[in-house]
Amino acid sequence: MADVTLRKVVKRYDDVEAVRGIDLDIADHEFVVLVGPSGCGKSTTLRMIAGLEDISDGDIMIGGDVVNDVPPKDRDIAMVFQNYALYPHMTVAENMSFGLRLKRYPKAEIKSRVDEAARMLDIVELVDRKPKQLSGGQRQRVAMGRAIVRNPKVFLFDEPLSNLDAKLRVQMRIEIKKVHQKVRTTTVYVTHDQVEAMTLADRVVVMNHGRIEQIGTPNELYHKPATKFVASFIGSPAMNFIPCRLEDIAGKLHVRLTDRLAFPLPPARAARYQGVPRTEKLLLGLRPEHITEAKPHPAPGVEAFDTVLDVTEPMGMETLIYFTLEGSQVCGRVNPNADAHDGAPFRLAVDLNNMHLLNEVTGVVL
Amino acid sequence: MTTVTIDKAGPTRKAKYGSMSRDRAWALRWSYFFLVIFAIFFLTPPIYMFITSLKSSAEISAATNPWWVFHPTLENYTALLTSNQFLRFFWNSAIVSIFVVTITMLISVPAAFALSRMRFWGSATLATGVFLTYLIPETLLFIPLFKMFAVIGDWTGIQLINRWYVLLILYPTLTVPFCTWIMIGYFASIPKELDEAAIIDGASWFQTLTRIFIPVALPGLIAATIFAFTVSWAQFLYPLVFTTSTDQLVMPVGIITTLIKGDVFNWGQIMTGALLGAAPPLIIYAFLMDYYIAGLTAGATKG
């Protein structure tokens, strides 16, 4: 068990910078998820922590010791790979005990550790099978078992669920969370799936173009995104961005979306955005759940307007609606009983208490 | 309109489907036809050798049907199998082949592992270089090599020419490059994550090779072993050039130098010797083919 620290870590391939100076502090016992689109440098970062890639610049510390030049086997880490990487000629038990056997642990201890891990992962009856006799989910459990028996300082997961089908992925996600609750080993987990990131992590690190966009708890990222990238990456369906600017009408600060559509800002928001130049090109960020059907007695800060729906998508517990505002498509979530139909006029309400205002050029959330 | 299209499409598709299966039937007939021709073509010589090996010299030279044995005899077999000379050739061949296979594997497996997995400066060029070496035929090399060994003998007094163990130096020049190349191919097909997992599990490079790569690439290893054995067992030019005393000869050269006396060909014994000489590779094929199962990596990663 140990904390992991990254200081100004850089990875250069010839003339390409895959990772451009990352600072990250991962506390002992913490479950941190690195998330981002493919090519954002998240896997490279993980592989640098593992020691499978050299670092071009900066420092990586595990348990307070700089491990830049320490080979992987001496870093006391365990890694679970996307494609499982089980040794095909060994049984499940042999796969799990390989690391311990290399370190010449006593046979009795190896057996007790393998048994314990197998029990924890519910693969006791599989220990004598070869990997090819296992299903994808079982193989992934064995791969996790191989990590658990080593009892390392840090677990590294490299997109471990990407090869599983959707249903199994949800199940294994819960398994991984349960395992972490039991063993409490510091974990760094890489995924491109924001749902996985949100559900598993104590803290999520959102990466893009080799940089960290934002670090925060799942709720912080969802409700207080720092940049347009984070705002659009976290949450499904994604946050809507509508071009707008600020305007003072009758002494009150309004956000103007179209020539005919402008909403007064609630007092808290008005105070926050008072200093923004009125000429600045801005984006109004609204999550779909903050665009719903208009109700007879709206709460303060909720403003209604009329529109014509393009498409409706009934999901059962809710209906997703899509309409066009100033050329951009906007998604909202309404009650399935709200009588929303394709092509029909509809009265919607936006909850401006949960609005975000972004600089259109820099993408920074104001 | 729609119905018309469907009516039109119906019969066309059916006819096409019929013709496809007819194509397949014809393709099968042609494959059988050519396979049978090839089988006859390749099996005729050994059958003829076998028939001849059962004949006495008198019957071979008699003007009877050469494809039939009228007075079968095992005299050729007993003559060869009781001849110390022939057993010596057999023994030399066996020793040389076993040593060469061992030497080849000891060199080419680690070499292939290094070239395919340890990225070092010039490794790609070296891999290509290894393959190019294999392309140079021994007919170009035997004269310079002979000269080299002669010079070495003059300078150091170590006499290598006309010693069977000179073949242990010569044969690997043929087998090592090719086996290295085969093994590079097999090792390259092992997923990168497998050695990364082993390294994280604490394995050294050597342990990764012996505990993971060799077991996983066993089919490739067997293919390379068979190749190395076949090459050393059948090699003719180098032993013909480099060994001359009858006690140093390997079988292929031994048979032709001792059983052809001037213009007298002892056909019965030549054929018997050739058949007996072909037996070990056949036995080895038959034995190792059972282990030569593809898809040993199944289950390592997402298939």
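The values are calculated or read from the model by the stated rules, or taken from the named source; none is laboratory data. No experiment lies behind these values; they were computed from the predicted model shown. Using ideal geometry, Cβ is built from the backbone for each residue, glycine included, and neighbour counts are taken over all protein chains shown.
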Q: Give the range A:91-103 a look and list any residue that's surrounded by fewer than 23 Cβ atoms within 10 Å (Cβ to Cβ) and within 8 Å of chain B (Cβ to nearest Cβ), or say none.
A: A:102, A:103
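Among residues belonging to the range B:257-303 that are of a type in the set (Val, Ile, Thr) and within 21 Å of residue B:218 (Cα to Cα), point out the one that is modelled with the lowest pLDDT. Reasoning before the result, please.
Step one: filter the range B:257-303 for residues of a type in the set (Val, Ile, Thr), giving B:257-258, B:260, B:264, B:270, B:272, B:283-284, B:293, B:297, B:301.
Among the residues that remain, those that are also within 21 Å of residue B:218 (Cα to Cα) are: B:283-284, B:293, B:297, B:301.
On the way: B:283: 86, B:284: 83, B:293: 52, B:297: 45, B:301: 54.
Looking at residues that are of a type in the set (Val, Ile, Thr) and within 21 Å of residue B:218 (Cα to Cα), I get B:297.
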Q. For residue A:83, all conditions in the list (1) part of a loop (DSSP other than H, G, I, E, B); (2) closer than 23 Å to residue B:204 by Cβ hold save one; what is the number of the exception?
A. (2)
Q) Of A:71, A:106, which residue is out of contact with any Phe, Trp or Tyr (no Cβ under 7 Å at 6 or more places or on another chain) and at the interface with chain B (Cβ under 9 Å from one of its Cβ atoms)? A) A:71
Q) Does any residue of the range A:51-66 turn out to be touching a Lys or Arg at 6+ places or on another chain (Cβ under 8 Å), within 11 Å of chain B (Cβ to nearest Cβ), hydrophobic (A, V, I, L, M, F, W, C) and not in a loop (DSSP other than H, G, I, E, B)? A) no
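Within the group A:318, A:360, A:313, which residue is in contact with a strand residue (DSSP E or B) (Cβ under 7 Å, 6 or more places away or on another chain), free of Cβ contacts under 8 Å to residues at least 12 places away in the same chain and within 24 Å of residue A:234 (Cβ to Cβ)?
Answer to the selection: A:313.
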Q) Here is a list of conditions, (1) within 24 Å of the chain's Cα centre (by Cα); (2) in a loop (DSSP other than H, G, I, E, B); (3) of a type in the set (Val, Ile, Thr), and residue A:361 meets all of them except one; can you say which number that is? A) (1)
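Would you mention how many residues in the range B:212-245 are part of a loop (DSSP other than H, G, I, E, B) and either surrounded by 21 or more Cβ atoms within 10 Å (Cβ to Cβ) or within 13 Å of chain A (Cβ to nearest Cβ) (or both)? Quick ask: steps written out before the conclusion?
Taking the range B:212-245 as the starting set, the residues that turn out to be part of a loop (DSSP other than H, G, I, E, B) are B:217, B:235-236, B:243-245.
If we keep only those that are either surrounded by 21 or more Cβ atoms within 10 Å (Cβ to Cβ) or within 13 Å of chain A (Cβ to nearest Cβ) (or both) too, we end up with B:217, B:235, B:243.
Number satisfying all stated conditions: 3.
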Q: Specify the residue that is nearest to residue B:112 (Cα to Cα); the eligible residues are those in the range B:133-143 that are surrounded by 10 or more Cβ atoms within 10 Å (Cβ to Cβ) and without any contact (Cβ under 8 Å) to a residue 12 or more places away in the chain.
A: B:136
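Which residue out of A:272, A:245 is part of a helix (DSSP H, G or I) and under 33 Å from the mean Cα position of the chain (by Cα)? Reasoning before the result, please.
Values: A:245 fails: part of a helix (DSSP H, G or I).
Sole residue among the options that is part of a helix (DSSP H, G or I) and under 33 Å from the mean Cα position of the chain (by Cα): A:272.
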Q: Filter the range A:40-50 down to the residues that are closer than 15 Å to residue A:155 by Cβ and more than 18 Å from the chain's Cα centre (by Cα), then identify the one that is farthest from the other protein chains (Cβ to nearest Cβ).
A: A:49
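Show me the helices (runs of 4 or more DSSP H) entirely contained within the range A:96-197 in which 2 or more residues are in contact with a strand residue (DSSP E or B) (Cβ under 7 Å, 6 or more places away or on another chain). First the steps, then the outcome.
Numbers: elements: A:107-121, A:136-149, A:166-183.
So the answer is A:136-149.
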Q: Among residues belonging to the range A:75-90 that are more than 7 Å from chain B (Cβ to nearest Cβ) and within 18 Å of residue A:149 (Cβ to Cβ), point out the one that is farthest from the chain's Cα centre (by Cα).
A: A:90
**Q.** Exclusive hit being among the aromatic types (Phe, Trp, Tyr) and within 13 Å of chain A (Cβ to nearest Cβ), set B:205, B:121
**A.** B:205
